[in-house]
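K.L.:
Just dropping this structure here.
The values are calculated or read from the model by the stated rules, or taken from the named source; none is laboratory data. The structure displayed is predicted, hence computed values, not measured ones. Glycine also receives a Cβ, built like all others from the backbone with ideal geometry; neighbour counts cover every protein chain displayed. When the accessible area is computed, the model is the full protein with side chains, heavy atoms only, and any ligands, DNA or RNA have been set aside. Shrake-Rupley method; radii C 1.70, N 1.55, O 1.52, S 1.80 Å.
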Amino acid sequence: MTSPPRLPVLAGLPLAVGSGLAIPVQGRINGALGARLDDGIAAAAVSFSTGLLVMIIISLVLPRGRAGLASILPAVRSRAFPRIYVVAGAIGALFVFAQSFTVGILGVALFTVATVTGQTISGLLVDRMGIGPAGKKSVTGIRIIGCVLTIAAVAWAVSPRFSGAGAGSDGDPTALLLPILLPVAAGFLMSFQQAMNGTATVHYGTPIAATLVNFVAGCTVLWAALAVKLAVAGPANPLPTEWWYYLGGPMGCVFIGLGALLVRSLGVLVTGLGMIAGQLLGSLALDLALPTPGTVVAPATVLGTLLTLAAIILATLPWPRGALRRQRPVR
């Protein structure tokens, strides 16, 4: 078994930010596909299926992909890692479910803050538990401050969109409590997904195999859900003929694969923070280059994005031991 090499932070963090750039583009494409089909579950199933097709082709064509493909079953059979890691892709399906069922109630802004909050908190927890391949990382004061600043910065960046949040709440804030728990839970589990994928990547020898297994698990969950939906409510609109509607899945391959590779070098928290920064930068670029009707790029969006980058740098820099408070030894 040949493990992927570790990357220095100066090389890995820009890759994490770059992979996060694909997330808002994928969201824009999948949102358009869902509107075209009038079915969010069907759009998610199509997106995952195109991603699975891309990963199958890559796994069969590239020598590294074929080697990883051959290592999947032996690694699972030998229990090189807990078998539950194989279904990590189901967490991605849960995230898509959360998008489909709560964005219309909460609005994009509140949904984003909820998922980022869950992901940031769990990133600290997963690193502290040592679930990912980078091992245990101490919970320091600097890392906690970086996480708090990240959540605050994201909330600031998306604050111009809060006017559309809670459209379905009928003015009752308590009506948002249950819908907001789903994206928080989905974001919380995303750090565990990255840790599982990173550990599987070490044993498969390549993130290609881990990404392929993710798409197989996600497709299984989504197509089962779509089958139930079809039996209850009937089929969605016909599939569109425009090619760009089918790019969401390949973009998912990018950030899932890079995430699986980077958690070994950066840890789960820093990888997640880098992707959050890329997500905000990508959203800002989309709003500037290809704005949707009614889009306004407010100063808070730009300043919040810059503060997010500063918070990530704060959490990432190799601060001296004992900064702010003494680090607890990892046992």
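K.L.:
At a Förster distance of 25 Å, what's the computed FRET efficiency of residue 11 paired with residue 57, Cβ-Cβ distance as r, to 0.05?
P.N.:
The formula returns an efficiency of 0.35 here.
K.L.:
Residue 148 to residue 298: extension gain in nm, 0.36 nm per residue of separation minus the Cα-Cα distance?
P.N.:
Result: 51.8 nm gained on full extension.
K.L.:
With the Cα gyration tensor of the stretch 107-146 giving a ≥ b ≥ c as the square roots of its eigenvalues, does the rule (a/c under 1.5 for rounded; else a/b larger than b/c for prolate; else oblate) give rounded, prolate or oblate?
P.N.:
Oblate.
K.L.:
How much length is gained if the chain between residue 181 and residue 237 is pulled fully straight, taking 0.36 nm per residue apart and subtracting their Cα-Cα distance, in nm to one decimal?
P.N.:
The span from residue 181 to residue 237 would gain 17.1 nm if fully extended.
K.L.:
Using a 7 Å offset from the Cα along the Cα-to-Cβ direction at both residue 287 and residue 66, what is the distance between the two label points in nm, to one decimal?
P.N.:
Placing both labels 7 Å along Cα→Cβ, they lie 4.8 nm apart.
K.L.:
Top to bottom by accessible area (1.4 Å), largest first, where do 79, 64 land?
P.N.:
Largest accessible area first, the list is 79, 64.
K.L.:
Quick one: compute the contact order of the stretch 185-277, relative version, from alpha carbon pairs under 8 angstrom and 6+ residues apart, as a percent.
P.N.:
Relative contact order here is 49 percent.
K.L.:
Ok, one more. Between residue 77 and residue 125, how high is the FRET efficiency from 1/(1 + (r/R0)^6) when r is the Cβ-Cβ distance and R₀ = 41 Å? Nearest 0.05.
P.N.:
The computed FRET efficiency comes out at 0.85.
K.L.:
Could you report the accessible area of residue 95 in Å², rounded to 10, computed with a 1.4 Å probe on the protein chains as they sit in the structure?
P.N.:
40
K.L.:
Evaluate the distance, in nm, between pseudo-label points positioned 7 Å from the Cα of residue 306 and of residue 227 along their respective Cα→Cβ axes.
P.N.:
Placing both labels 7 Å along Cα→Cβ, they lie 5.3 nm apart.
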